[in-house]
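The values are calculated or read from the model by the stated rules, or taken from the named source; none is laboratory data. Being a predicted model, the structure only gives us computed values, none of them experimental. For neighbour counting, all protein chains shown are included, and Cβ atoms are generated from backbone atoms with ideal geometry for every residue, glycine included. When the accessible area is computed, the model is the full protein with side chains, heavy atoms only, and any ligands, DNA or RNA have been set aside. Shrake-Rupley method; radii C 1.70, N 1.55, O 1.52, S 1.80 Å.
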Amino acid sequence: AKGEFVAGDVYPDGRTHPIWSPNKITGRWGSSRNHQNWTEGDPKKGIPNVRRQVVAPRGWLIVGFDMAQGEPRVMALYSGDPFLCKIFAEGRDIHGEFAREWNKDFNALERESDPWRVIRNVTKTLEYAAIYKAGPETAYKTLLKKGFGHIKFIDCAKAVDSLKSKIPVLMKWQDDQIAAVARPPHELRSILGRRRCFPLGNAPPTDVVNFRVQAGLADV
């Protein structure tokens, strides 16, 4: 692309041209001029919907797609955890399966009903706390930010522990990654061999377990 920006990310030709990098510290792809987190806006705060301002040239379409539950699938492949592998092999919804583990009322709810959606959304937060070693404190703070203040911390902690108990093979695989980083050469590699070093083995556990999963999904 030639020329200077007219406004924000837009060039004189009316197009937007991000510079992509496949080597962010987390292992994910990233872009200079952020094109990955366009806001849907908030009318109450006067924030415009940026996504609606992006249109395709005449005669073309913008197509969006997502890899459904990509990171848990990569975790299942890496670790071979029986619980995760069985869910994906049978084409079931991982969030629904985890919801049944900590909330016994979930099965009785009508699918896609409001209560069903609420429990499933809460489960996502609890689930990611469990599979990323984030802990109940982080999960509880996230739930409060999302407006789920009716959930008590003790119930949140019990739910996270319950979900962890279903995936012991994944938990061991994660512990093995942390132990490997503590030994020279203090590094991990992605599926395609991209490398991240942890000097002297000093690394937060969440960074260690995140790298191979996020980098692996980016490789895919």
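Miscellaneous remarks
- Distance between the range 81-116 and the range 157-220 - C-alpha centres, whole angstrom: 25
- Probe 1.4 Å, protein heavy atoms only - accessible area per residue of the range 134-174 in square angstrom: 58
- Each peptide in 137-143, 126-132 was scored by the mean count of other Cβ atoms within 10 Å over its residues; highest first, the order is 126-132, 137-143.
- Normalising the average separation of contacting C-alpha pairs (under 8 angstrom, six or more residues apart) by the number of residues puts the relative contact order of the chain at 19 percent.
- Annotation: amide H of GLY30 within the under-5 Å range of SER21, ASN23, LYS24, sequence separation 5 or more or interchain, hydrogens built in the peptide plane.
- In sequence order, the range 33-44 has phi-based couplings of 6, 4, 10, 10, 9, 5, 6, 8, x, 8, x, 5 Hz under the Karplus curve 6.51 cos²θ - 1.76 cosθ + 1.60, θ = phi - 60°, and Gly or Pro positions carry x.
- Within the accessible area of the chain (1.4 Å probe), percent carbon and sulfur: 55
- Near PHE98, once Lys and Arg are set to +1 and Asp and Glu to -1 for all other residues with Cβ below 12 Å from its Cβ, the sum equals +2.
- Taking a Cβ cut-off of under 12 Å around ASP161, the surrounding Lys, Arg, Asp and Glu residues balance to a net charge of +1, with basic ones at +1 and acidic ones at -1.
- Helix-derived mean residue ellipticity, 222 nm - over the chain, DSSP H n ≥ 4, -39500 (n - 2.57), to 500: -14000 deg cm²/dmol
- Rounded to whole Hz, the Karplus (6.51, -1.76, 1.60) HN-Hα couplings of the range 13-24, x for glycine and proline: 7, x, 9, 10, 10, x, 9, 8, 10, x, 10, 5
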